[in-house]
Amino acid sequence: MPKFNHVCIIDDDPIYTFTTRKIMEIGKFSKYIEIFKNGKEALDALKPRVEAGEKVPEVIFLDLNMPIMDGWQFLDEFMTPNTQKIVIYIVSSSIDPVDINKAKEYSLVTNYLVKPITPERLKELFDKMES
Amino acid sequence: MKLDNIELLEKLANQEQETKNYQEVLDRIQKVSKMGLWEVNLEEQKVIWSEVTRQIHEVEGDYNPTVENGINFFVEGKSRDLIIEVFTKAVEEGINYDVEVELRTAKGNSVWTRAIGISEFEDRKCKRVYGLFQDIDESYKRRQQLERQKELFRQTFEFAPNGMALINLEGRWIQVNQQVCTMLGYTKYELFNLTFQDITHPDDLDLDLKLLDELVEGKRESYQMEKRYFSKSDGLVWAILSVSMMRDEAGKPLHFVSQLTDITEKKLLLETTLAQNERLLNFAHIVSHNLRSHTSNFTMLLSMIELEYKEATENEYFPMLIQSSEKLQETLSYLNQIVAMQNEVKDNTKPLNLHEYIEKAQLSIKSQLNSNQAKVINKVDKNLLVDAIPAYLESIILNFLTNSIKYKAEGRKPKINIFAEKNPQYITFSIKDNGLGIDLEKHGQKLFGMYKTFHDKKDARGIGLFITKSQIEALGGTIEVESEVNKGTTFKIYLRNAEI
């Protein structure tokens, strides 16, 4: 039985999204995994749903550096009272303290994860979220 | 006849009284002006001194010298030579004199006097020389001191290591020293034909003029600014300019006193450094954002293969691929730490008690110390405060302690002595061990490099000292090392003194 119904990955790196999706499928972390290539795509798809009170992802893994709209811009625009229910993790390859500290300023952001996200770490994370 | 005699007697008496009166007045004048009379009667070879003259020479009340020992009162050398010369000229050629000469009194004191001599001739023969002695010691010495101060100022002005100039209220150069000319490339003559406005960079002129006005108006005592001058070759010269104002006794502005320090080279160096820093940060950015994402993909792909195709991992290449990928991650993370340090340090340092941190470090590796029978002697003064980031200071101390244990000598219990010295700017703390030591001639150059190891210890990875050195430098400090093979190593670490 999958732990979540709907997990979303927003990242422009196809290898990362491929491997992460695979790990989630193998580990049966979520029934449905939705992937967006950048912040704009995700915002266009998710924001109307949030505003309409439709079903939205329970967890979002958000990359920071993306073309068209990066992770920060996405966070700035995605913020509505209803989004509070969504758990958002920043997943970035940046270990720059400036990024890490900036992430702390966003109340929506649950944590900052540094790539790579190995199967073990992902499992740990999902176990923690479940409990 | 009788009457005549009486009249004569009366007249004489009157004259005597008058002479007496004159004498009294003269005495008083002599005393007040510290001026004494003297006379040399050449025919009789007799010298007469007045009371004040005697006082100046500090001799008894009835003393009168001979011509010769009169001259001996003048200090040997310049003063005596001069008095002999002018006295001789007065006697032989009738030339009167007025000179300043130094006397050595009977009590051995030095007194500067003004000596005036007038000669009197009869039948082309000098009968008498008379004149005045005036004690001018105080004013003479004051004048000499003033002269010396003037000379001192002149020398300071001329030979100062930085440029010095006097500038009048219109902005013309009144006086400049050689350094100003060297700095700006003009001769003194050329400068005197220019105002400072002519050679000031237009962007700096307004501020300069505003500050000058404030100086004239008495709103400030002096000012300092960085400004650019056009040198004669049209190149720009960066200088720190310090200006103060000279006023007369009534407080009216006289001229400006300017000091110029050439900082052109420093400016250029700073620009280069800033540009290099910028490039380094860009590089760091590429490393952290681009390289890292590729390497993490490698790691993820390898994990996926392990997860999905277990059989693919059962060959000798796979563990090596895993290892390479891990090493790559590790290297990138070290590189990132180093670059991140520079940014982190800026506002995060605080005064930390060195003694306490050394004690704390010992506690955290207590079992390691015990199992190696190692002894740490913390002789650091309990009051010393260094300016550092807590995590860095911990890591620095720990690294040296664990290194000392890791590189202990065979058959010798590790003994680590830690002591510190306080300088105005730095606290130097030394960590001295009795371990293997390092051949600095062979390895000195690469001691602090990344992945440089020179002991065949298994866990020597050559990263500790590299990170430690970077941390020390990020904190604004430096590190030195002294070592002798098989005797031990002393690391000397300079960290900023937090008391300043």
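Things to note:
- The criterion of at least 3 residues that are loosely packed, with under 12 Cβ neighbours inside 10 Å and modelled with pLDDT under 85 is met by the following helices (runs of 4 or more DSSP H) wholly inside segment B:1-114: B:2-32.
Here's the yes/no breakdown for (1) assigned to a helix (DSSP H, G or I); (2) under 29 Å from B:V339 (Cα atoms); (3) more than 14 Å from chain B (Cβ to nearest Cβ):
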| residue | (1), (2), (3) |
| --- | --- |
| A:I90 | no, yes, no |
| A:D99 | yes, yes, no |
| A:A103 | yes, yes, yes |
| A:T110 | no, yes, yes |
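- The set of residues in segment A:26-65 that are over 13 Å from the mean Cα position of the chain (by Cα) and hydrophobic (A, V, I, L, M, F, W, C) comprises A:I26, A:F29, A:A45, A:V50, A:A52.
- With respect to the conditions (1) more than 12 Å from every other protein chain (Cβ to nearest Cβ); (2) surrounded by 10 or more Cβ atoms within 10 Å (Cβ to Cβ); (3) over 30 Å from A:E120 (Cβ atoms), B:E265 falls short on a single one, namely (2).
- When each of A:I68, A:I26, A:I15 is tested for being of a type in the set (A, V, I, L, M), within 27 Å of B:F283 (Cβ to Cβ), within 14 Å of chain B (Cβ to nearest Cβ) and surrounded by fewer than 22 Cβ atoms within 10 Å (Cβ to Cβ), the lone residue that passes is A:I15.
- Some residue of segment B:329-339 being within 14 Å of chain A (Cβ to nearest Cβ) and loosely packed, with under 12 Cβ neighbours inside 10 Å: no
- Sole exception among (1) more than 16 Å from the chain's Cα centre (by Cα); (2) farther than 19 Å from A:R21 by Cβ for A:T83, by number: (1)
- Qualifying residue in segment B:340-359 (condition: within 11 Å of another protein chain (Cβ to nearest Cβ), crowded, with 17+ Cβ neighbours inside 10 Å and over 16 Å from B:A391 (Cα atoms)): no
- So B:S242, is it in a strand (DSSP E or B), buried (at least 17 other Cβ atoms within 10 Å of the Cβ) and at pLDDT 90 or above: no
- Index of the failed condition, A:I68 passing every other in (1) of a type in the set (V, I, T); (2) in contact (Cβ under 8 Å) with a residue 12 or more places away in the chain; (3) under 26 Å from A:E120 (Cα atoms): (3)
- Scanning segment B:412-431 for residues that are surrounded by 20 or more Cβ atoms within 10 Å (Cβ to Cβ), outside any loop (DSSP other than H, G, I, E, B) and either over 30 Å from the mean Cα position of the chain (by Cα) or free of Cβ contacts under 8 Å to residues at least 24 places away in the same chain (or both) yields B:I416, B:I418, B:I431.
- Out of A:V56, A:V109, one residue alone is crowded, with 17+ Cβ neighbours inside 10 Å, of a type in the set (A, V, I, L, M, F, W, C) and in contact with a Ser or Thr (Cβ under 9 Å, 6 or more places away or on another chain). It is A:V56.
- If you go through segment B:216-230 and keep only what is over 26 Å from the mean Cα position of the chain (by Cα) and either surrounded by 15 or more Cβ atoms within 10 Å (Cβ to Cβ) or assigned to a helix (DSSP H, G or I) (or both), you end up with B:V216, B:F230.
- Taken over segment B:285-306, the criterion of being among the hydrophobic types (A, V, I, L, M, F, W, C) and modelled with pLDDT of 85 or more is satisfied by B:F298, B:M300, B:L301, B:L302, B:M304, B:I305.
- Each residue in segment B:175-213 was checked for being under 28 Å from the mean Cα position of the chain (by Cα) and exposed (fewer than 13 other Cβ atoms within 10 Å of the Cβ), and 1 of them qualify.
- B:R279 within 11 Å of chain A (Cβ to nearest Cβ) and in a helix (DSSP H, G or I): no
- From the options B:L307, B:L291, residue that is surrounded by fewer than 18 Cβ atoms within 10 Å (Cβ to Cβ) and either at the interface with chain A (Cβ under 7 Å from one of its Cβ atoms) or in a loop (DSSP other than H, G, I, E, B) (or both): B:L307
- Residues within segment B:140-173 that are surrounded by fewer than 12 Cβ atoms within 10 Å (Cβ to Cβ) and either over 20 Å from B:T261 (Cβ atoms) or not aromatic (F, W, Y) (or both), tallied: 14
The values are calculated or read from the model by the stated rules, or taken from the named source; none is laboratory data. Values in this document were obtained by computation on a predicted structure and should not be read as measured data. Counting neighbours? That spans all protein chains shown, and the Cβs are built from the backbone with ideal geometry, glycine included.
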